[in-house]
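The values are calculated or read from the model by the stated rules, or taken from the named source; none is laboratory data. Since the model is a prediction, treat every value here as computed from it, not as a measurement. Here Cβ is always computed from backbone atoms with ideal geometry, including for glycine, and neighbour counts include all displayed protein chains. Surface accessibility is based on the protein's heavy atoms, side chains included, excluding ligands, DNA and RNA. Shrake-Rupley method; radii C 1.70, N 1.55, O 1.52, S 1.80 Å.
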Amino acid sequence: MDATAQKLERLVDRLGAGAVLTEHGDMIRYLRDWPGDVEGRALAVLRPDTTQAVAQAVRLCAELGLGIVPQGGNTGLTEAGTPQGRDQVVISLERLNRIRSMSPDDFAAVVEAGCVLETLKAAVDAADRYFPLALGAQGSCQIGGNVSTNAGGINVLRYGMTRDLILGLEVVLADGTIWDGLSVLRKDNRGIDLKQLFIGAEGTLGIVTAVAIKLLPRPEHVETALVALPSVGDVMALYRRARPACCDLISAFELMRPEALAFARDAYPDLAYPIPPDYPAYALMELTASGPIDLRAILDAFLEAEMEAGTVLDGVVAASRQQALNLWKIREGMNEGQALRGMHLRTDISVPLSRVADYIAEASEAIAAALPQCDCAAYGHVGDGNIHFNVLPPRGTERAAALAIMAEAKSILYAILDRFDGSISAEHGIGRAKKADFTKRLEPAQAGMLIAIKQALDPQWRMNPGSQLDRPQ
Ligand SMILES: Cc1cc2nc3c(=O)[nH]c(=O)nc-3n(C[C@H](O)[C@H](O)[C@H](O)COP(=O)(O)OP(=O)(O)OC[C@H]3O[C@@H](n4cnc5c(N)ncnc54)[C@H](O)[C@@H]3O)c2cc1C
């Protein structure tokens, strides 16, 4: 028996056949990333169903010298959950998916890492509370993955990133030690807040096994509007006026341009456009509140004033929740429609709010000049300065040519971004896809601290090897 077969036998013996997948056909959905652009390799996929079983798996991997790639719903967009070889295993958290406690009185819940976000949100809703994290992948992504990527989504401008919604964590460290940091305390200033290290670490420092989350009052009123404007600059000006005028109750503010609406139609051919799809720019905005407040009157008054001032070209306020969901379907359909076009450059950048319009204008001009054959889609959570500026090669472009176009487009967009003091990762993380661009922009002091933290918590560099940082030679 060769060394690989021996390792497999030890994994199955110690963890049980039901918790270890070894056949390629069974493993494929854990090996391929969500867009299907890359397929990795692994010795096995481990599926522990308790924290103790995760710890046991981690200790066994240490004995066998195996790297570990933790995995949640595998919806990440940075290749961070894609294993790189037969000297690695995937540890999937999908079977660790219980709600341990729901405490409406504490405005808190403790849930296991493998809880699918949508399922978790429904359970919180049933307890008459609200968990505001919301993103297009919520039917598949898991709370442990959300923590590990510090996911953003559509409600960040009101409720913050995942980091702002976390009270405590339980983590299996790289040596198999279980750290119980599952506090539901809202204020706890006892020294360094260790949970912050694991939030956004993309599985490079340990495996999150459970999460204490913050709950909020359930919004009783939600109002959604789609507004057409003459330019992206006007969308951002509208945002600046809308925040104070709408009592700072805006929970989502999304930019879309006409090409984005066309992508949505590609994905959903029956999609109804409630206003003409060829205005230069659109804002999709949502207000939420609970308690005795007439949210609709606030939104109507704001939009009427804008109409009278001539700043808004057209608009529709959803008359029902179903109409609101239809408006959001346009936003979701944009991603789906782009996915149908095959390989393309997806960016996830942020710039200061005051520079969003200038960035999009300059980037659009530069891409049109250098790559006139490509389509662009610029949209995003612009209330947070977050833009997805995507570049799509012509239909049918071969893989090698598409990769070359994507590389050129990326260097153009990032060069402009550097001048705008922006970030190459507003919310998706670094993973493997952005590692080179991330590390070359690190300041020496920042690189030194990141390496020191990694070295201290994972001295063998076995947790998600090759993601975020490479081990210094
Ligand atoms: C259609 C679509 C829309 C999206 N929209 C948004 C958006 O609006 N905002 C946003 O921020 N992201 C978005 N994403 C990206 C993605 O959904 C998020 O990054 C999400 O948080 C990933 O969760 P996951 O469970 O799928 O994690 P995975 O993809 O499985 O893993 C992501 C990273 O976290 C690590 N990891 C996963 N679970 C654990 C764990 N328990 N412990 C330690 N490490 C772990 C993995 O190793 C990997 O490095 C979108 C993705 C898609 C496909």
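Across the chain, Cα pairs under 8 Å and at least six residues apart give a relative contact order of 15 percent. Computed in the context of the full set of protein chains, the accessible area of the chain at 1.4 Å probe radius has 52% of its extent on carbon or sulfur. The phi-based Karplus calculation (6.51 cos²θ - 1.76 cosθ + 1.60; θ = phi - 60°) puts the 3J(HN,Hα) values of region 217-222 at x, 6, x, 8, 10, 9 Hz, whole numbers, x for Gly and Pro. Taking a Cβ cut-off of under 10 Å around Phe420, the surrounding Lys, Arg, Asp and Glu residues balance to a net charge of -2, with basic ones at +1 and acidic ones at -1. Each peptide in 201-213, 398-410 was scored by the mean count of other Cβ atoms within 10 Å over its residues; highest first, the order is 201-213, 398-410. Residue ranges 317-324, 120-127 sort as 120-127, 317-324 when ordered by packing (mean number of other C-beta atoms within 10 Å per residue, highest first). Across region 221-340, C-alpha contacts under 8 Å between residues 6 or more apart give a mean separation that, scaled by the residue count, equals a relative contact order of 45 percent. Each peptide in 217-223, 39-45 was scored by the mean count of other Cβ atoms within 10 Å over its residues; highest first, the order is 39-45, 217-223.
In a shell of Cβ-Cβ distance under 13 Å around Thr119, excluding Thr119 itself, what net charge do Lys and Arg (+1) and Asp and Glu (-1) give? Could you put the intermediate results ahead of the total?
On the way: positive: Arg98, Lys121; negative: Glu94, Glu112, Glu118, Asp125.
Summing Lys and Arg as +1 and Asp and Glu as -1 gives -2.
With a 1.4 Å probe and all protein chains kept in place, how much accessible area does His388 have, in Å² rounded to the nearest 10? My reading of the accessible area for His388 is about 10 Å².
Once you have a ≥ b ≥ c as the square roots of the Cα gyration tensor eigenvalues for region 51-109, tell me rounded if a/c is under 1.5, and otherwise prolate or oblate according to whether a/b is larger than b/c. Oblate shape, in that a/c is at least 1.5 and b/c is the bigger or equal ratio.
His24 contributes an accessible area of around 100 Å² to the protein surface, as traced by a 1.4 Å probe with all chains present. Sorted largest first by accessible area at a 1.4 angstrom probe radius, with every protein chain in place, the residues Tyr273, Tyr282 fall in the order Tyr273, Tyr282.
If you take the Cα centroid of region 324-389 and the Cα centroid of region 141-215, the two points sit 29 Å apart.
Kirkwood analysis of the Cα pair distances in region 349-419 returns a hydrodynamic radius of 12.5 Å. Across Arg47, Arg32, the residue with the most accessible area heads the list, and the full order at a 1.4 Å probe is Arg32, Arg47.
One Cα centroid belongs to region 233-305, the other to region 414-438; the line between them spans 27 Å.
Give, rounded to the nearest 20 debye, the magnitude of the charge dipole that the chain has about its Cα centre when Lys and Arg contribute +1 at Cβ and Asp and Glu contribute -1 at Cβ. Intermediate results must be reported in sequence, preceding the final value.
Values: 46 positive and 59 negative charges, 223 e Å.
The calculation lands at about 1060 debye.
Taking the Cα atoms only, what angle lies between the long axis of helix 3-15 and the longest principal axis of the chain, rounded to 10 degrees? Its long axis makes an angle of about 80 degrees. Computed with a 1.4 Å probe on the full set of protein chains, the accessible area for Ser101 sits at about 40 Å². Look at the alpha carbon pairs under 8 Å that are at least 6 residues apart: their mean separation over the length of region 300-399 gives a relative contact order of 28 percent. Rolling a 1.4 Å probe over the heavy atoms of the protein chains gives the chain an accessible area of 42 Å² per residue.
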